[in-house]
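A short write-up of the structure that comes next.
The values are calculated or read from the model by the stated rules, or taken from the named source; none is laboratory data. Note that this is a predicted model, so its numbers are computed, not measured. In this analysis, Cβ positions are derived from the backbone assuming ideal geometry, glycine residues included, and neighbour counts consider all displayed protein chains. Side chains included, ligands, DNA and RNA excluded: accessible areas come from the protein's heavy atoms. Shrake-Rupley method; radii C 1.70, N 1.55, O 1.52, S 1.80 Å.
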Amino acid sequence: MRLRSALAAALGAGVLLITTPAPASAAAGQFRYAYMTVDGYEASGFLNSPPNGQCLNLPGVGEDNPQPAHSPKNRTDAWATVFTGTDCEGDSFPLRPHTGSASERLKVRSVVFN
């Protein structure tokens with residue numbers, strides 16, 4: 001009887017493992033950028049393991065902040081494409097995985113990872 005219960009529990013656990021959805025694909029690592037706050041302070045922003053294929057507006061530089069982010073650094077394992085506008089609009093610039101960084105002159109507001 002105990003063997004049958006143990007076997008049923010193991011079979012149930014196996015079914016749960018098979019039917020559990022896989023986690024969404026994400027870029028491993030960190031994407032960093034610098035920006036000026038609305039109060040005039042220099043700040044650092046970052047995205048940890050951001051999702052792939054999804055446009056992300058950079059926190060801190062939305063419509064309420066007239067200053068865009070600058071100096072983006074891609075320390076993830078995926079290509080990052082940064083955009084000058086929110087919602088991945090405007091001019092775009094690719095950043096390589098792990099080492100991709102741009103100068104302070106590049107002003108960005110959104111990013112997508114592939």
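Observations on the model:
- The listed peptides 93-102, 40-49, ordered by packing as a protection proxy, come out as 93-102, 40-49 (highest mean of other Cβ atoms within 10 Å first).
- Spin-label pair R96/N57, simplified geometry with 7 Å Cα→Cβ offset, distance in nm: 3.2
- Within the accessible area of region 53-114, the carbon and sulfur atoms contribute 47%, probe 1.4 Å, all protein chains present.
- Environment charge of Y33, counting only residues whose C-beta is closer than 12 Å and scoring Lys/Arg +1, Asp/Glu -1: +3
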